[in-house]
Amino acid sequence: MSLSSRHLLGLSGVPKEDIQLILDTATTFREVLERPIKKVPTLQGKTIVNLFFENSTRTRISFELAQKRLSADTVNFSTSTSSTKKGETFKDTVRNIEAMKVDMIVVRHESPGVPQFLTQISDANIINAGDGTHEHPTQALLDMYSIREKVGKLEGLKVCIVGDIGHGRVALSNIHGLKTMGAEVSLCGPSTMMPRAIEELGVKVYHKIDDAIENNDVLNVLRIQLERNAGASIPTTREYRTYFGLTSERLKKHNKDVLILHPGPINRGVEISSEVADGPYQVILNQVTNGVAVRMAVLYLLGTMH
């Protein structure tokens, strides 16, 4: 069994079999993470570069850990200390890294399309760790894995993505991935944070959080991306919390066991209350653990392709 592409650039157009294979492989690696020695020699001799042009805690550390657990050699590239600060172009930076004979590149960049561009100038396998407001495929995969682990299936589930849809990249990858796996996907948030014509992707849009809670099995709560000027889309964070914040009062009112996800970092007291973020229905820290297993699966499947 192998993936149909040698890169993971997004989940748009990725066949169901590929997603299924990644999730099933992640289950195997999830068991490895429970062992006393959490290491396998699968990618020994492979060199992977983490090319992060944007700040990241969870994703970068998760990829690094996944690489080390697979015994790969890891090189971390940081823009703040790189020659791009001296005026070197992105293309030249990548060409120089390529000349060092690397096998895989994990890239995060503020510009959509950079991972795709890398496939044209590099022979390495490219994994998109988030490109602008476009996609973040491994986050969506670990979200789907976490849902499947808790509920046992994805097909037929009703999943609502709540919050800042327009400025994030998690929503788009989740929409593509979940729909491919047979889930019903909806969105909820202020109209100012909804991309135009998003319904064309086959999703329902709610503008009231209560409707979203009432009609769904899973809520994936996204934060307001203040660093992308998302604050301009709402009057105040207090008003956002009043109309769209997920609180225990709101959940109790509907008397439903809704599964709650959040890709992090959490703005406590804004999109989600601390009580809910630490409560019995959430799988937020499971998502972080599962992220390592899912990224191990992606690295393994791409790294062992012939």
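Give me the distance in nm between label points sitting 7 Å out from Cα along the Cα-to-Cβ direction at Val288 and Ser71, one decimal.
About 2.9 nm separates the two model spin labels.
Charges at C-beta only: +1 for Lys and Arg, -1 for Asp and Glu. How large is the resulting dipole of the chain about its Cα centre, in Debye rounded to 20?
The dipole of the chain has a size of about 520 debye.
In 10 Å bins starting at zero, report the fraction of Cα pairs in the chain per bin as a rounded %.
Going out from 0 Å in 10 Å bins, the chain shows 6, 28, 34, 22, 9, 1 percent.
Report, in deg cm²/dmol and to the nearest 500, the calculated mean residue ellipticity at 222 nm for the chain, where each DSSP H run with n ≥ 4 adds -39500 (n - 2.57) and the sum is divided by the residue count.
Roughly -11500 deg cm²/dmol at 222 nm, from the helical runs in the chain.
Diagonalise the Cα gyration tensor of the range 64-190 and give the resulting equivalent ellipsoid semi-axes, square root of 5 times each eigenvalue, largest first, whole Å.
Three semi-axes, in Å: 32, 18, 12.
Over the Cα atoms of the range 151-306, what Rg and Dmax result, in angstrom?
Just the Cα atoms of the range 151-306 yield Rg and Dmax of 15.8, 54 Å.
What percent do you get for the relative contact order of the chain when only Cα pairs under 8 Å and 6+ apart count?
Rounded, it is 21 percent for the chain.
Does a label point 7 Å from the Cα of Lys158, set along Cα-to-beta-carbon, have any residues of the range 168-184 with amide nitrogen under 14 Å, and which are they?
Zone members listed by number: 183-184.
Mind checking which of Val276, Ile19, Leu172 is farthest towards the positive end of the chain's charge dipole, using Cβ charges of +1 (Lys, Arg) and -1 (Asp, Glu) about the Cα centre?
Val276
Taking amide H positions as placed 1.01 Å from N in the peptide plane, with prolines and chain starts having none, which residues 5 or more places from Tyr206, or on another chain, fall under 5 Å of its amide H?
Excluding prolines and chain starts, which carry no amide H, the hits are Leu187, Cys188, Gly189.
Let me test this: with uniform point scatterers at the alpha carbons of the range 1-100, what is the Debye-based log₁₀ I(q)/I(0) at q = 0.10 1/Å?
Log10 I(q)/I(0), no solvent term: -0.38.
Distance between the C-alpha centers of the range 113-134 and the range 15-30? Whole Å please.
Each part's Cα centre sits 21 Å from the other's.
Would you mind computing, in nm to one decimal, how far apart the modelled labels at Thr242 and Asp123 are, each placed 7 Å from Cα along Cα→Cβ?
6.1 nm
So what J values fall out for the range 148-153 if you push phi through Karplus, 6.51 cos²θ - 1.76 cosθ + 1.60 with θ = phi - 60°, rounded to Hz, Gly and Pro as x?
Using θ = phi - 60°, the values come out as 4, 4, 7, 9, x, 7 Hz.
Every number in this text was worked out from the coordinates using simple rules, so none of it is lab data. All of these numbers come straight from a predicted model, not from anything done at the bench. Counting neighbours? That spans all protein chains shown, and the Cβs are built from the backbone with ideal geometry, glycine included.
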